[in-house]
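Below is one structure; the comments refer to it alone.
Every number here is computed from the coordinates shown, using simple stated rules; none is lab data. Everything numeric here is computed off the predicted structure, so don't read it as measured data. Positions of Cβ are backbone-derived with ideal geometry, glycine not excepted, and every protein chain shown enters the neighbour counts.
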Amino acid sequence: MPNHFKYRVYDAARDLSRVVHESIETLDVHRVPGLRGQLLASVASIAANIAEGAGAGSNAKLLSHLNVAMGSSHETRTHLSRAKVEGQLPLPLYFRCDNKAAVVETMLAALIRAILENDARRTNATIKSRRP
């Protein structure tokens, strides 16, 4: 089983992607050209980067991919806001998607922080063990 399945944030990102896909089925692609494609690409990028980072083989690479996933989540929220402002996404659907994206961002931030703290503890333990 691939490593990314152990991260709950991966499941949350996939759920966000599903909800966004369902919510924008009626988006008028002629009114705001490119918005639908940008939104679908950015939301898909979140889970994809989590999965890629989980299989990258090092915490440094995982952290890099998690930060890209965070950026993709910010981009997704920007596109959702634009769809709302343009009258293409009704408020209930906008808030449903945006709230899920906020949860994903919170989970990503917590995972990034946990990895950094764990790495720092390991580094400190190594330094202490080398002292005479």
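How charged is the neighbourhood of ALA47? Take every other residue with its Cβ under 13 Å from the Cβ of ALA47, and add Lys/Arg as +1 and Asp/Glu as -1. Here the count lands on +1. The residues packed around ALA114, meaning those with a beta-carbon under 14 Å from its beta-carbon, carry a net charge of +3 if Lys and Arg are +1 and Asp and Glu are -1. Partners of LYS61 within straight-line reach, counting aspartates and glutamates whose Cα lies under 14 Å from its Cα and excluding those fewer than 8 residues away in the same chain: GLU52, ASP119.
What is the mean projected area of the alpha carbon convex hull for the stretch 1-127, to one decimal in square nanometres?
So the Cα hull casts an average projection of 8.1 nm².
Against the main long axis of the alpha-carbon atoms of the chain, helix 35-54 sits at an angle near 20°. Between ALA114 and SER64, the modelled labels are 2.3 nm apart [label points 7 Å from Cα along Cα→Cβ].
FRET efficiency for the pair ASP28 and VAL103, taken as 1/(1 + (r/R0)^6) with r the Cβ-Cβ distance and R0 = 35 Å, rounds to 0.80. log10 I(q)/I(0), Debye, Cα-only the stretch 1-60, no solvent, q = 0.17 Å⁻¹? Log-scaled intensity ratios, in q order: -0.62.
Charged neighbours of ASN3, selected by a Cβ distance under 14 Å, balance to +1 (K, R count +1; D, E count -1). Stretching the chain fully between PHE95 and HIS74 yields a gain of 6.1 nm (0.36 nm per residue, less the alpha carbon separation). Segment SER81..HIS21, full-extension length gain: 20.1 nm, with 0.36 nm per residue of separation and the alpha-carbon distance subtracted. The long axis of helix 59-85 is offset from the longest Cα principal axis of the chain by roughly 20 degrees.
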